[in-house]
There are 2 protein chains.
Amino acid sequence: MPLPSLHPVGASFPRANGAQLAAGSAAYVDDLRPAGLLFGAVLRAGRPHARILRIDTRRAERLKGVACVLTGHDIPVNAYGPLLQDQPVLCTDKVRYEGDPVVALCAESWAAAAEAARLVRVEYEDLPVVSDPEEAIRPGSPLLHEAHPTGNLVLEWKIRRGNLDAGFAEADLIVEERYQSRTQEHASIETHICMAEVDANGRLAVHVSSQTPYQIRFNVSRVLKLPIARVRVLSASAGGGFGGKHEPMLEPLAALCALKTGRPVKFRMTREEEFTASTIRHSLAMDYKTGVTRDGRITARRLRLLLDGGAYCSYGETTASKAALMGAGPYRVPNLHVDSLLTYTNNGIAGAVRGFGVTQTTYACECHMDTIARRLEMDPLDFRRRNAMQAGDAAHSGDVIRSCGFAEALDAATREVNWGAIGGGRTSPCGRKRRGRGLAAMIYPVGFTAAANPSGAFARVNEDATLTIYTGCADVGQGAHVILRQIAAEELGVDLESVHIVTGDTDLAPLDLGSVASRVTHIGGNAVRRAVAKAKGFLLRKAAQMIEAAEEDLEIADGKIAVKGAPDRCRTLPEVALKCHRDGEIPIAEGAYNPPGLHLDKTTGQGKPYDCYVFAAHAAEVEVDMDTGECRVLQLAAAHDVGRAVNPMNVEGQIEGGSLQGYGFGMLERIRYKGGIAQNPNLHDYLIPTALDGPARMKPIIVETEEPTGPFGAKGVAEPALNPTTPAILNAIYDAVGARITDLPATPEAVLRAMGMINGRH
Amino acid sequence: MPLPSLHPVGASFPRANGAQLAAGSAAYVDDLRPAGLLFGAVLRAGRPHARILRIDTRRAERLKGVACVLTGHDIPVNAYGPLLQDQPVLCTDKVRYEGDPVVALCAESWAAAAEAARLVRVEYEDLPVVSDPEEAIRPGSPLLHEAHPTGNLVLEWKIRRGNLDAGFAEADLIVEERYQSRTQEHASIETHICMAEVDANGRLAVHVSSQTPYQIRFNVSRVLKLPIARVRVLSASAGGGFGGKHEPMLEPLAALCALKTGRPVKFRMTREEEFTASTIRHSLAMDYKTGVTRDGRITARRLRLLLDGGAYCSYGETTASKAALMGAGPYRVPNLHVDSLLTYTNNGIAGAVRGFGVTQTTYACECHMDTIARRLEMDPLDFRRRNAMQAGDAAHSGDVIRSCGFAEALDAATREVNWGAIGGGRTSPCGRKRRGRGLAAMIYPVGFTAAANPSGAFARVNEDATLTIYTGCADVGQGAHVILRQIAAEELGVDLESVHIVTGDTDLAPLDLGSVASRVTHIGGNAVRRAVAKAKGFLLRKAAQMIEAAEEDLEIADGKIAVKGAPDRCRTLPEVALKCHRDGEIPIAEGAYNPPGLHLDKTTGQGKPYDCYVFAAHAAEVEVDMDTGECRVLQLAAAHDVGRAVNPMNVEGQIEGGSLQGYGFGMLERIRYKGGIAQNPNLHDYLIPTALDGPARMKPIIVETEEPTGPFGAKGVAEPALNPTTPAILNAIYDAVGARITDLPATPEAVLRAMGMINGRH
């Protein structure tokens, strides 16, 4: 569908702080070093499950240079969590995983703080450890949260759609498989960090590296029992987020230390704490059962998803529900049952991670689709086309999909890798290497409505008709701000250079939920666009007075407001803006967007949980070394329906970065636990992909659609970029060597094992 | 008139930063010392009038440590000024007073910058000097601005009201006098200072100590030809303003140096520069002629005011017009002619100073009123009462006065000093000292409308129903921010602690014209109140939904929104606020106020130039030493009609500070020029009053009226506090010893001379 040409929406612009980021001159929280700074440390449990008998901080308090020592009894409201407030800021009665914080303190140096933490004595009574989710929900399993009404089963999500039995009865072929995904650490290069300081009026300023400054503000104010207006959160540059910089782990500690000492206090996590004491990706056990007709029509599907939530709920509900709602893939499934179960275990806390459950189900669903296609002796591309969702179809929640570029994405990705005959690898030129091609697809939701999802913005037209936008949307490296500037410029009818963003300070901009859930372009963009539209109204009203014309007859073009069809009857935008200011009719306005939704029916999972949906298809070509199991991705074509691409360069960058992270999820990454203790909490034993590890050739492909709910038709990209990568590669491996990888990651050993070349579990 | 009790408007609260200011811990611009800071210096003319033949900066540029040297040719738009753009940022062709800047530079230290300035060579051709305003406007006088169409006469202001000849014909007595006022330096304890820096995107941040950050932003952007959105002005604490921190004298220089060097650059004035190169108060020659009937009714008045504007126009127009419009005092004058003439001379630039021309005319008018009363053998209090303006009367511009507490102020001030029989001093207990009492009154305008006078504000209700106000109103020590918080709290119905102010950064808050012209409480307060009222609308709409009631049936009280008459049908404000945020109906709103006006008719001075008027009466008791001429003010009662007093403690503080400044104007201060060169440019030879110099007893008295245009009826105080002090004291001196002081200041020598004890001019 050809889209009308607009400017600057649709053009590629570099981000304003790009030069600083590239040059390393951007200021991060660790660069803030005010006079009198104190340095924090957190003493953590170091054991997976135990009752706390006694905490003795006296030796630490007496150490020279120690300014303040906190236990859970110092925290006014010692519980937090986005759904269940099941997580203590500092533990007082028991610890539930190795990273649980018990004592926080600050001192004159990092070394003094670490030494003081070593001097704290905590007596524990160890408790039985639960580390397997299936075991966790069996009756009689040791409980993590004794008061939780459903024991170690945190919660359960259901979809009930159509008649499952009738659907399976109609099928010519029923395929059942189990897939297991594993943990993934966000591995942001900047670890968690914050600095808090108190001004002369007792007002807190908390400098954060966070995706969600307003949630930090809310949580700090809540757990410290302070009015929100007494907490200001300032966002410095962020060295990565990916869902991990989301929860108030260090900020309340730094804030309370600052309040108690009157001095600035910094806390930061070590790399080991990143692995053992910050959130990680949920591992999922995924049972897929699908019925199809001989000609490839899906008649029924049943999913059971079991999520290892770790010690606390965190964003487990969001993950369980997204996995349930998206788990059946971008396909028409008339009869669908999903049960998505979230458990407590004594493993690391699983929380928000880019992809939010859908990375895992996309892996399972798309490998499962590949298996079915092969059992049907059908081209996996044709099989997907046969069942592909289209605009006007219902998503699995019954919600109508208003824009859908799925068919175009399938075509574009496969065309790019010269998709042809499937079935058996081909020997590559140099001996025992085989090549294969794989395909995977995805549906992902944008703009959740189950919880409030507001974004607010202010727009101010300055005296010279430049535009200042106040937004709370955090740019954690994804380029959000240039996108919002483009939307603002487009709405007012000025060029990008005329738009300036004010952000990074909760005092400045209205509430925004955060850079989470792929929502910024869509939700934040709508808020900005609405604010600018209202501010523009001032200019049009003033221009109508000045020109003596009716407001509805005016248009903005070429820096002027003119009567449509009479371009000489005009005033320049700066003339009008200055006149507005001089007349005290200041062209400032607020805009807000919170996507409308219908809460899901708890028994059926039906309703309207999202504002819109994006689709994608990745096609991979791999070369597998038959002797070593090593897989090289020769090429990856990643086609994404993003609605309108506000900034194509930025979209491509997101697709490239996401695909590399997807490669890591599928091929390299897993935190290995032994009795709840992480065995590889460092970037030596836990590998993340570098530029050399990823696909030798990567081709991001933008599929544009026009989403009616989005700003200028935009939906977004963000998280989805990583979801189809793993199954596309794994399906290519299967194509090459016939090995089906049902547990992650697909290390060389796992590939050899799947080929039957070696035995045993990894 | 009893006013309805409101809370917190009407209660005394300390300002939020009071503790910091008192403890000296507030941060001023000079406390900002970023890495890489450069230090500026300005080479000034040092001569009153000369043509520039050559500027040689080569030796300065070669000095080690010099980073950047600027001449006027480096300034993109080398002219500024609020009315006439007659003032160069750096002079290129000629200099017109001793402080005229010629070269600006910056270097690695203050010392290096000063040394570099000394190395600059400028060749001049001296021109004839004009230092007397009467001479300046005589034909043939040497011209300062050759292109100015009316020569050294900058402009002329007129009032023509009634029939002057008929009025004088009706009079039984006609009194003519001439009064001369002299210059006054603002003498802020913090001298002019600013620091500019450039971020990685080429955006300027200018840290200022200014009453008018938005005018600094506008001027820096204009003279440097930058879009307004590329200039951010940040206000640190200000150590005094009084009208002097108003114009862009150093900021464009610091900004251009920062742009050229890429480093932060600070400029600050020495105390000597404060006297010789920043603005000062206009000296006025004032001819008063008044006709009265035998029973004390004024029938006609004629004023000729001649203002010494110095080398550039600056705020001379505002001063000339305010002096004209207020010069006939708070009295009914049916037949009035005023001619107010502003001249160029080679003296220091006269500009905005607290009182803005009315300080000078109040001195003249009120001494003149005293003379007339004595000639009529009438009590000066009765004479004033006889002619006093009342609500409903017209001001001298024909504009209707809607609130007027003048009669109450006269009563309150005189009652306080036990006003009794007048006529002749009484010998005090210890020998040759005589005591007397004097009275003076004043009218002053609030909310000018001749130029645009906008203030904007944003109000945001946070999730916990605390309120954040964004205002551009600068608090330069007068306590503006606590006033605005009180107005905001009152409007929403919350307590003061729930309101937080965001300010001091042009990126944060919408345009405000500045802390000038006694406008902040009235204009800024109206803007804040309007913004809060709009934001409150979100809460009322949401509460109406939640309670299922009609919005118009709701009221806010005790932290709740309830149905009127059914207080149990309610929600707490935090419940409603949180729901608004969650629903994406963010309670943020803008408010703006620009007082409506009618431009004055140039030939008659009639129209509506102000939004409202305040009135005051000061009564003084003095003791004069007959041998030395020393005058001690035993008591001063200062009664001010301020509309509603939003914060009585703050109003009293303003009255006390203003009265002391008025004491200085009348008794101590004058910059003495010799051929255009200031002879006493330091705080040793130019004395400002200390706490021990002022009235031994000072009694501020608040007279409340309800002004319909003001926020909760407020008008303001600010400037007016100083205006009646001088004539009250001088009339008391006359009462004590029969000496009429017609030239300022009333030094002991001047008093002795007026008593006939010594001869000659001072």
Legend entry - Among (1) in contact with a strand residue (DSSP E or B) (Cβ under 8 Å, 6 or more places away or on another chain); (2) of a type outside the set (D, E, K, R); (3) under 30 Å from B:Leu683 (Cβ atoms), the one test that B:Val175 misses: (3)
Legend entry - Criterion (of a type outside the set (S, T, N, Q) and in contact with a Phe, Trp or Tyr (Cβ under 8 Å, 6 or more places away or on another chain)) met by exactly one of B:Val646, B:Val624, B:Val651: B:Val646
Inset, instruction - List the number of the failed condition for A:Ala323; all other conditions in (1) in a strand (DSSP E or B); (2) within 19 Å of A:Asp399 (Cβ to Cβ); (3) of a type in the set (Gly, Ala, Ser) hold. - result: (1)
Inset, instruction - Considering every residue within segment B:741-756, establish whether at least one is acidic (Asp, Glu), outside any loop (DSSP other than H, G, I, E, B), touching a residue at least 60 places away in the same chain (Cβ under 8 Å) and under 17 Å from B:Thr628 (Cβ atoms). - result: yes
Inset, instruction - Run A:Thr449 past the list (1) of a type outside the set (D, E, K, R); (2) in contact (Cβ under 8 Å) with a residue 60 or more places away in the chain; (3) buried (at least 24 other Cβ atoms within 10 Å of the Cβ) and report the number of the one that doesn't hold. - result: (3)
Legend entry - Odd one out for A:Arg385 among (1) among the charged types (D, E, K, R); (2) in contact with a strand residue (DSSP E or B) (Cβ under 7 Å, 6 or more places away or on another chain); (3) surrounded by fewer than 24 Cβ atoms within 10 Å (Cβ to Cβ): (2)
Inset, instruction - State whether one or more residues within segment B:241-251 are assigned by TED's automatic domain parsing to the domain that holds B:Pro88, modelled with pLDDT of 95 or more and surrounded by fewer than 24 Cβ atoms within 10 Å (Cβ to Cβ). - result: no
Inset, instruction - All but one of (1) closer than 28 Å to A:Gln654 by Cβ; (2) assigned by TED's automatic domain parsing to the domain that holds A:Ile671 hold for A:Arg301, so report the exception by its number. - result: (1)
Inset, instruction - Filter segment A:226-252 down to residues that are part of a loop (DSSP other than H, G, I, E, B) and free of Cβ contacts under 8 Å to residues at least 24 places away in the same chain and give me whichever is farthest from the other protein chains (Cβ to nearest Cβ). - result: A:Leu226
Inset, instruction - Scan segment A:442-482 for residues that are hydrophobic (A, V, I, L, M, F, W, C) and in contact with a strand residue (DSSP E or B) (Cβ under 8 Å, 6 or more places away or on another chain) and report the count. - result: 13
Legend entry - Of all residues in segment A:182-239 being hydroxyl-bearing (Ser, Thr, Tyr) and under 25 Å from A:Asn78 (Cα atoms), the one that is surrounded by the most Cβ atoms within 10 Å (Cβ to Cβ): A:Ser210
Legend entry - Filter result for A:Ser12 (within 30 Å of A:Ile556 (Cα to Cα), at pLDDT 90 or above and more than 14 Å from chain B (Cβ to nearest Cβ)): yes
Inset, instruction - Would you mention how many residues in segment B:452-465 are closer than 30 Å to B:Lys579 by Cα and surrounded by fewer than 24 Cβ atoms within 10 Å (Cβ to Cβ)? - result: 2
Legend entry - Criterion violated by A:Pro48 - all others in (1) within 14 Å of chain B (Cβ to nearest Cβ); (2) out of contact with any helix residue (DSSP H, G or I) (no Cβ under 7 Å at 6 or more places or on another chain) satisfied: (1)
Inset, instruction - Test A:Ala549 against the stated conditions and say whether it is within 24 Å of the chain's Cα centre (by Cα) and more than 9 Å from chain B (Cβ to nearest Cβ). - result: no
Legend entry - Scope segment A:477-502; condition in a loop (DSSP other than H, G, I, E, B) and closer than 28 Å to A:Tyr613 by Cβ; matching residues: A:Gly477, A:Gln478, A:Gly479
Inset, instruction - For A:Ile671, state whether it is in contact (Cβ under 8 Å) with a residue 12 or more places away in the chain and either among the charged types (D, E, K, R) or not in a loop (DSSP other than H, G, I, E, B) (or both). - result: no
Inset, instruction - Pull up segment B:20-35, narrow it to residues that are in contact with a strand residue (DSSP E or B) (Cβ under 9 Å, 6 or more places away or on another chain) and part of a loop (DSSP other than H, G, I, E, B), then point me to the one that is nearest to the other protein chains (Cβ to nearest Cβ). - result: B:Ala26
Legend entry - Single condition A:Leu598 does not satisfy, out of (1) surrounded by fewer than 17 Cβ atoms within 10 Å (Cβ to Cβ); (2) within 9 Å of another protein chain (Cβ to nearest Cβ); (3) hydrophobic (A, V, I, L, M, F, W, C): (2)
Inset, instruction - Scan segment A:83-117 for residues that are assigned to a helix (DSSP H, G or I) and either aromatic (Phe, Trp, Tyr) or closer than 29 Å to A:Gly309 by Cβ (or both) and jot them down. - result: A:Trp110, A:Ala117
Inset, instruction - Go through B:Ser237, B:Ser278, B:Ser283, B:Ser221 for me and flag whichever is within 25 Å of the chain's Cα centre (by Cα) and closer than 22 Å to A:Val502 by Cα. - result: B:Ser221
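Let's see how each residue does on (1) of a type outside the set (A, V, I, L, M); (2) more than 13 Å from chain B (Cβ to nearest Cβ); (3) closer than 29 Å to A:Ala324 by Cα; (4) touching a residue at least 40 places away in the same chain (Cβ under 8 Å):
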| position | (1), (2), (3), (4) |
| --- | --- |
| A:Arg160 | yes, yes, yes, yes |
| A:Leu164 | no, yes, yes, yes |
| A:Ile174 | no, yes, yes, yes |
| A:Ser181 | yes, yes, yes, yes |
| A:Glu185 | yes, yes, yes, yes |
| A:Ile193 | no, yes, no, yes |
| A:Leu224 | no, no, no, yes |
Legend entry - Entirely in segment B:508-618, the strands (runs of 3 or more DSSP E) that have 2 or more residues that are more than 30 Å from B:Ile702 (Cα to Cα) and in contact (Cβ under 8 Å) with a residue 24 or more places away in the chain: B:566-572, B:588-593
Inset, instruction - Among the residues of segment A:490-542, write down those that are away from every other protein chain (no Cβ under 13 Å) and among the small types (Gly, Ala, Ser). - result: A:Gly493, A:Gly514, A:Ser515, A:Ala517, A:Ser518, A:Gly525, A:Ala533
Legend entry - Qualifying residue in segment A:312-321 (condition: closer than 26 Å to A:Asp165 by Cα, over 19 Å from the mean Cα position of the chain (by Cα) and not aromatic (Phe, Trp, Tyr)): no
Legend entry - Options A:Ala480, A:Ala474: the member that is free of Cβ contacts under 8 Å to residues at least 60 places away in the same chain, within 26 Å of A:Gln360 (Cβ to Cβ) and not assigned by TED's automatic domain parsing to the domain that holds A:Gly629: A:Ala480
Legend entry - Checking B:Ala480 against (1) under 26 Å from A:Cys580 (Cβ atoms); (2) within 12 Å of chain A (Cβ to nearest Cβ), the condition it does not meet: (2)
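The values are calculated or read from the model by the stated rules, or taken from the named source; none is laboratory data. These numbers come from a predicted model, not from an experiment. Neighbour counts are summed over all protein chains in view; Cβ atoms, including those assigned to glycine, are modelled from backbone coordinates with ideal geometry.
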